[in-house]
1. Output the number of the condition that Val60 fails; it satisfies all remaining conditions of (1) surrounded by fewer than 18 Cβ atoms within 10 Å (Cβ to Cβ); (2) among the aliphatic types (A, V, I, L, M); (3) within 26 Å of Arg110 (Cβ to Cβ); (4) at pLDDT below 85.
2. Any residue at all in region 135-147 that's modelled with pLDDT under 75, not in a helix (DSSP H, G or I) and not small (Gly, Ala, Ser)?
3. Looking for whichever is within 13 Å of the chain's Cα centre (by Cα), of a type in the set (A, V, I, L, M), farther than 30 Å from Phe28 by Cα and modelled with pLDDT under 90 here; the options are Ile91, Ile102, Ile67, Ile87. Which one fits?
4. I want to confirm something. Restricting to region 105-121 and keeping residues that are in a helix (DSSP H, G or I) and over 18 Å from the mean Cα position of the chain (by Cα), which single residue is surrounded by the fewest Cβ atoms within 10 Å (Cβ to Cβ)?
5. So which helices (runs of 4 or more DSSP H) are wholly in region 40-103 and hold at least 1 residues that are among the aliphatic types (A, V, I, L, M), farther than 27 Å from Ile15 by Cβ and touching a residue at least 24 places away in the same chain (Cβ under 8 Å)?
6. So, Ser5, is that one closer than 21 Å to Leu113 by Cβ, at pLDDT 85 or above and under 11 Å from the mean Cα position of the chain (by Cα) or not?
7. Can you tell which of Gly44, Gly52, Gly26, Gly37 is at positive phi and modelled with pLDDT of 70 or more?
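The values are calculated or read from the model by the stated rules, or taken from the named source; none is laboratory data. The shown structure was predicted, so the numbers you read here are calculated from the model rather than taken from an experiment. As a convention, Cβ positions derive from the backbone with ideal geometry for all residues, glycine included, and neighbour counts pool all protein chains shown.
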Amino acid sequence: MAIESACIPLPSEVIMPFSGYLVSTGRFDLWLVATAGAIGCNLGSILPYEAGRHGGRVVVERWGKYIFVDTHDLDRAERFFRRFGSIAVLIGRLLPVVRSFIALPAGVARMPLVRFHVYTFVGSWPWCFGLAWVGRELGVHWNSDPRIKALFHRADLIIGVSIVLAVGYFIYRRMARRRAGRA
């Protein structure tokens, strides 16, 4: 969870359900797994938060391209923060993809550190709990029930197509901006 929150693409949708599976074997407690996941989200979000806080827009303009964040994305995030305030972090932690990158604009917006960590924990815990609960419920049927296999196959297909579409959109958007800049 710390890796995902540090803007490194390692999806919690894989980590937490597997942790839930381990709960079903009796190795871990569901509540502790969710809490550990939320703590991991807090720890991982320190680096992007501090990068945004101390480097501001300059950091995003220079290095954001490596995590597919540009000034347009930052402008939108800043407007979102102005509109919703600190609650944006809590809401963002409940949304796929957004949850991985919300710390950076929170730092740029200079959200108070303690409030940032409280909202990160409160927003991350239900996400971690829900994913771990799914893993626990699947339990030993994780890879043996044909219905579950079919469901995961469909989910994999949807995720794969979504990733291809997102990458295509980012490439298209960048090319369109470059063309507009030349005109």
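1. (1)
2. Taking every residue of region 135-147 in turn, at least one turns out to be modelled with pLDDT under 75, not in a helix (DSSP H, G or I) and not small (Gly, Ala, Ser).
3. None of the others qualify; the one that does is Ile67.
4. Looking at residues that are in a helix (DSSP H, G or I) and over 18 Å from the mean Cα position of the chain (by Cα), I get Val114.
5. Passing ranges, in order: 71-84.
6. For Ser5, the condition - closer than 21 Å to Leu113 by Cβ, at pLDDT 85 or above and under 11 Å from the mean Cα position of the chain (by Cα) - is not met.
7. Gly26
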